[in-house]
1. If you go through the stretch 212-233 one residue at a time, how many are crowded, with 23+ Cβ neighbours inside 10 Å and either in contact with an Asp or Glu (Cβ under 8 Å, 6 or more places away or on another chain) or free of Cβ contacts under 8 Å to residues at least 12 places away in the same chain (or both)?
2. Looking at this structure, is Thr212 at pLDDT below 90 and within 26 Å of Glu279 (Cα to Cα)?
3. Return the total of residues in the stretch 421-444 being in contact with a Cys (Cβ under 8 Å, 6 or more places away or on another chain) and crowded, with 22+ Cβ neighbours inside 10 Å.
4. Would you tally the residues in the stretch 153-181 being in contact with a Lys or Arg (Cβ under 7 Å, 6 or more places away or on another chain), assigned to a loop (DSSP other than H, G, I, E, B) and over 30 Å from Ser409 (Cα atoms)?
5. Conditions first: (1) closer than 19 Å to Pro461 by Cα; (2) outside any helix (DSSP H, G or I). Pro217 passes all but one, so which condition is the exception?
6. Among the listed residues Gly418, Gly376, Gly460, Gly447, which satisfies the condition of being at positive phi, surrounded by fewer than 22 Cβ atoms within 10 Å (Cβ to Cβ) and modelled with pLDDT under 95?
7. Which of the residues that make up the stretch 234-267 are in a loop (DSSP other than H, G, I, E, B) and surrounded by 16 or more Cβ atoms within 10 Å (Cβ to Cβ)?
8. Quick one: is Ala94 under 21 Å from Leu318 (Cβ atoms) and in contact with a helix residue (DSSP H, G or I) (Cβ under 6 Å, 6 or more places away or on another chain)?
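The values are calculated or read from the model by the stated rules, or taken from the named source; none is laboratory data. Computed from a prediction, not measured in an experiment: that's the story for all the values here. Cβ placement follows ideal geometry from the backbone for every residue including glycine, while neighbour counts extend to all protein chains displayed.
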Amino acid sequence: MGGRNAGDVRATDGAAEIGRRVLRLRTERGFTQRQLAEPAYTAAYVSTLESGKVRPSEAALRHLAERLGVSYEELTTGRDPHDAIRLRAGLTDARRALATGDAKDAVGHFHQLMVEAERLGFRDERASAMVGLGDCALETGELPAARAHYEAAEQLLADEPLPRRIPAIRGRAVAHFLSGELRYSCYLLESAIDELNASGLHDPNALLLLYTAAIPPYMDMGAHARAARAAELALALAPSVDDPGLLARMHRGVARTLIAEGRTAEADASLAKAQELYEQLRIHTDLAHCHWMRGYVHAQDGNLERAERELSIARDMLATKRATLYTVQVEVELADVLRRRGRTAEAEALLVPLLRRGDGEVAGDGGVPGLTAEHGVVHAGGAHRLLGLIAEERGDAAAAEEHYRAALSLLERTGAAGDLADLCTLLGDLLRRGGRAEAAMDAYRMGLGHRAAPGTTTLGPAPAEPPV
């Protein structure tokens, strides 16, 4: 979200504040009013200006700034442009710390910069630090804190053009998505897209960020047509964008739509492009996400050995970064691969602790949070689904039903249509085999309801597309 250039002043202070500043600087330099005024102005004019009785013109301010040896920006706003440069350099360093190291270490950098920017009156840099704090909280799985930081940044930039607020809006939408609020996440992103397009603020970077962020909630809701269209629009915007991190994230999002269409070779190629960019940028968390998605691609293709290897790499990278929520999500998908490879004991050993920690039990690894209805709810449902399958395989129908119903309870509020329909089928089959035909029919009917009402029909009209 970087700040404006030093010469791009948001607003100047009032006449009285500028007058006091001129008086202070003139006194510090030992100038008389006449010495400061000449040759273009009079001592009387400087006296009137210093008393706050007149607001100087831009030409007068530039003359006075040159005579006083300060920049026009410093004289009109009281802010030294060198401070802005220093803060932006600090934000770049904090971003690098987040990308390559531990999010908890980056928090200290962002917080210090936020406090310093507030003290100096640099609103844009303060908002950038808030977004950075939100990104740190997102990585560590502290979703309420992440939302609070993003909301604060949005409020701070409320009177700025919409593209300036897009990183905060996108962050808040991702936090809601990870909390299982899929529809609200889509609403935030689609509203911003519509507002951008309606206002004529065709900002390729902002639109690419929004379309890419919309793909995961669309996919989880079963709104595959919208996800595919978002991917197409993102690809069309890519030539206008020169941010490699943003382009890498786009390739990751596009890969999700390709996987859903069964185009796994193309999906893997898209992920390879993203991985190459992340390796060049040394963005460790996003690189781990590439390994994660490549593991998923191989699992879809039935290459379980490669899937296990990629998912294990992703889990280890995320655990090293202490990206706790993402780590446990990968572990659920790794458990699925292990189960399919016949290693059910290992799969169960991964899953059970994740759900126990989600119930508030203190973890043996320093309290790493597990999966709950508010914390990785889609994967919490997935963990119960897998445990249900494992219970079925060992003949424990009661435990399987308990896990399937727990998964349904978790996922019903998310709108994850495909997952819900699949669970209803599993539950219906289990009940039918147990001779409970009426209960099985209820489960099947529930599943058909989710199949008949995918996200494409519950989200309202699709967002307007950008002008050609």
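1. Matching residues across the stretch 212-233 total 2.
2. It is false that Thr212 is at pLDDT below 90 and within 26 Å of Glu279 (Cα to Cα).
3. Within the stretch 421-444, residues that are in contact with a Cys (Cβ under 8 Å, 6 or more places away or on another chain) and crowded, with 22+ Cβ neighbours inside 10 Å number 1.
4. Selection size over the stretch 153-181: 1.
5. (2)
6. Being at positive phi, surrounded by fewer than 22 Cβ atoms within 10 Å (Cβ to Cβ) and modelled with pLDDT under 95 holds for just one of Gly418, Gly376, Gly460, Gly447, which is Gly460.
7. Across the stretch 234-267, the qualifying residue is only Val241.
8. yes
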